[in-house]
Amino acid sequence: MRWVLIGASDIAATRMIPAMRAVGDEVIGVMSSSSERAAKYASENGLERATDSLDDALAWDADAVYISTTNQLHAGQALAAAAHGRHVLCEKPLAMTVADARAVIEACAANNVVLATNHHIRNNAVVRTIRDLVNAGEIGEVVAVRVQHAVSLPDRLRGWRLSDPAAGGGVIFDITVHDADTVRFVTGREVTSVTAVATSVSGDGSGVEDTAVCVMTLDGGAVVITHDSFVVPHAGTALEVHGTEGSILAAGAMVQDPTGSVTLRRGGVDTDVPVGERADLYQVGLRAFDAAVTTGTAPSATGADGLASLAIALAARASAADGRPVELSEMLVGAAR
Ligand code: NDP
């Protein structure tokens, strides 16, 4: 697979370029809105080509684009890539509105290109083990999920995320969207409503939330509680799935590396569950993407998954703004908040 990077981003440099090379793919160039930054980024990351023109980048001889610009740019760039016949791996959130996410999905289908959303957490062997335990009925019927995803942002990421609502900053588009995908993945259920409180605990006046707490309902009646934050340095992450017959407790599961542990609790007895091979989360996603292009299988997280997680994030934002529970059906009729 020959990749073009749309966006001279941190995530591409720190995770995706190494992962692309590790799975045997080639990264041929980068597009940035600044020609100087594109040239510097290409030089630092060993890329042959650099441009500040999306049209130029899409004319290069490549199979696929990886879009990791700031969030407000994803949809437009994905539409352009699809129109040029490039397969699309897009960062989350897939778009800023449900209508735009739908347009991206439709354009990729119409142009017969693969669309995937880079929800990496579902690629963690720990998270897949949890899903397998749930599917095998080890905890009976799921009645509750708790997600602890409150962290502290490294200094290098303290830019638009903390200051720019127009770029899609804030913890909901950054972290809650991943929680939403992970909950859907491990339970196989859809979120039906979201009630959220979002606030700036740091009180820096930036206009974006650095903390969000959500209560969600799932089809079938289970509840989900998520705590997401940029300002909690010491908590560590956790994912718990509670059922009628037992609970699954996973420490360190909501992360970028293949770490974490899984404990199955039944009848008052805790058992450590082996998780198998701990492959790099981004490489797992890229291998699934490559297979989707070459054999037509589904990518790890599809465009529809990206739309679903976006709709849940939008419901959280709407609930926090309006102080009321928001039904997912309200979002999915195309409300463009
Ligand atoms: P960055 O801030 O590193 O990059 C985003 C954009 O900011 C770049 O495209 C670039 O624009 C611009 N930019 C970067 N550095 C500078 C600079 N020094 N001066 C001016 N502009 C700059 O963001 P992230 O890599 O953290 O996030 C990018 C996307 O990836 C987001 O959508 C985010 O949600 C997603 N993400 C996903 C993760 C995952 O694990 N799935 C993890 C982290 C992020 P230009 O291209 O025009 O140069």
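The values are calculated or read from the model by the stated rules, or taken from the named source; none is laboratory data. All values reported here derive from a predicted model rather than from experimental measurement. Because the Cβ atoms are built from the backbone with ideal geometry, glycine has one as well, and the counts that use them run over all protein chains shown. Remember, those area values only see protein heavy atoms, side chains included, never the ligands or the DNA or RNA. Shrake-Rupley method; radii C 1.70, N 1.55, O 1.52, S 1.80 Å.
For the chain, what is the percent of antiparallel DSSP beta bridges, rounded to the nearest 5?
Working: 40 of 66 bridges.
About 60 percent, rounded to the nearest 5.
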Checklist entry - Say each of ASP322 and ILE225 gets a label point 7 Å from the Cα, pointing the same way as Cα to Cβ; how far apart are those two points in nm? => result 2.5 nm
Item to check | Two-site FRET efficiency, VAL23 against SER53, from Cβ-Cβ distance with R₀ of 30 Å, rounded to 0.05 | outcome: 0.60
Item to check | Nearest 10 degrees, 0 to 90: helix 35-44 Cα axis against the chain principal axis | outcome: 70 degrees
Checklist outcome for this item: On the formula 1/(1 + (r/R0)^6), with r taken between the Cβ atoms of ASP132 and ALA298 and R0 of 25 Å, the FRET efficiency rounded to 0.05 is 0.90
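Using Stokes-Einstein with the Kirkwood hydrodynamic radius over Cα pairs, what translational diffusion coefficient do you get for the chain at 20 °C and a viscosity of 1.002 mPa s, in µm²/s rounded to a whole number? If you can, show how the numbers build up before the last one.
Values: Rh = 20.2 Å.
Result for D is 106 µm²/s.
Would you mind counting up the charge near SER200? Only other residues with Cβ under 15 Å from its Cβ, with Lys and Arg at +1 and Asp and Glu at -1.
Working: positive: ARG158, ARG161, ARG317; negative: ASP164, ASP174, ASP204, GLU209, ASP210, ASP228.
Overall, the nearby charge balance is -3.
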Checklist entry - When the scattering of the stretch 81-237 is computed by the Debye formula from its Cα atoms alone, each counted once and equally, what is log10 I(q)/I(0) at q = 0.14, 0.21 Å⁻¹? => result -0.83, -1.36
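As a test of reading the structure, rank HIS227, HIS120 by solvent-accessible area (1.4 Å probe, protein chains only), most first.
Numbers: HIS227 60, HIS120 15 Å².
Of HIS227, HIS120, the descending order of accessible area is HIS227, HIS120.
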Checklist entry - Scaled to the compact-protein estimate 2.2 N^0.38 Å, what is the alpha-carbon radius of gyration of the stretch 1-94, rounded to two decimal places? => result 0.94
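Using a 1.4 angstrom probe on the protein heavy atoms only, line up THR226, THR297 by accessible area, largest first.
Details: THR226 0, THR297 75 Å².
Putting THR226, THR297 in descending order of accessible area: THR297, THR226.
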Checklist entry - So what does log10 I(q)/I(0) come out to for the stretch 184-223 at q = 0.24 Å⁻¹, using the Debye formula with one equal point on every Cα and no solvent? => result -0.75
Next on the checklist: Give me the one-decimal Kirkwood hydrodynamic radius in Å for the stretch 40-158, with the sum taken over alpha-carbon pairs.
Outcome noted: 17.1 Å
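Sum -39500 (n - 2.57) across every DSSP H segment of at least 4 residues in the chain, then divide by the residue count to get the 222 nm mean residue ellipticity, nearest 500. The partial results should precede the final answer.
Working: 11 runs with 111 residues, N = 337.
Dividing the helical sum by the residues of the chain leaves -9500 deg cm²/dmol.
Starting from the Cα gyration tensor of the stretch 236-337, take the square roots of the eigenvalues, sort them a ≥ b ≥ c, and report rounded, prolate or oblate (rounded when a/c is under 1.5, otherwise prolate if a/b is larger than b/c, else oblate).
On the way: a/c = 2.38, a/b = 1.19, b/c = 2.00.
Judged from the Cα gyration tensor, the stretch 236-337 comes out oblate (a/c at least 1.5, b/c at or above a/b).
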Item to check | Size-normalised alpha-carbon gyration radius of the stretch 29-84, reference 2.2 N^0.38 Å | outcome: 1.07
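What does the extension gain come out to for THR192 and VAL333, with contour length at 0.36 nm per residue minus their alpha carbon separation? Spell out each step's value before the answer.
Numbers: separation 141, 0.36 × 141 = 50.76 nm, distance 1.33 nm.
Here the answer is 49.4 nm.
Residues of the stretch 86-166: accessible area per residue at 1.4 Å, in Å²? Write down the numbers at each step before the final one.
Numbers: 3140 Å² over 81 residues.
Using a 1.4 Å probe on heavy atoms only, each residue of the stretch 86-166 averages 39 Å².
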Item to check | Selected from VAL145, VAL293, VAL126 as most flexible by GNM, with the chain as the system and alpha-carbon contacts under 10 Å | outcome: VAL293
Checklist entry - How far is the Cα center of the stretch 262-329 from the Cα center of the stretch 115-190, in Å? => result 6 Å
Next on the checklist: For the chain, what does the relative contact order come out to in percent, with C-alpha contacts under 8 Å and a separation of six or more?
Outcome noted: 20 percent
Checklist outcome for this item: Computed for the chain: size of charge dipole around the Cα centre, +1 on C-beta of each Lys and Arg, -1 on C-beta of each Asp and Glu, debye to nearest 20, value 140 debye
Checklist entry - Taking a probe of 1.4 angstrom, what is the accessible area of CYS214 in Å², to the nearest 10? => result 0 Å²
Item to check | Cα pair count fraction exceeding 15 Å, expressed as % - the stretch 93-165 | outcome: 76 percent
Checklist entry - Once you list every other residue whose beta carbon is under 12 Å from the beta carbon of GLY29, what net charge do they have if Lys and Arg are +1 and Asp and Glu are -1? => result -3
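For SER33 and THR271, compute 0.36 nm times the residue count separating them, minus their Cα-Cα distance, and round to one decimal in nm.
Numbers: separation 238, 0.36 × 238 = 85.68 nm, distance 5.12 nm.
So the chain would gain 80.6 nm between SER33 and THR271.
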Checklist outcome for this item: Relative to the chain, whose Cα atoms define the longest principal axis, helix 98-110 and its Cα axis are tilted in degrees, nearest 10, by 60 degrees
Checklist outcome for this item: So the angle from the long Cα axis of helix 177-187 to the longest Cα principal axis of the chain, reported in degrees to the nearest 10, equals 50 degrees
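Report the equivalent ellipsoid semi-axes for the stretch 186-255 in whole Å, largest first, defined as the square roots of five times the eigenvalues of the gyration tensor built from alpha carbon atoms. Write down the numbers at each step before the final one.
Details: eigenvalues 137, 57, 12 Å².
The three semi-axes for the stretch 186-255 are 26, 17, 8 Å.
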Checklist outcome for this item: With 0.36 nm assigned to each residue of separation and the Cα-Cα distance removed, THR244 to VAL143 gains 35.7 nm
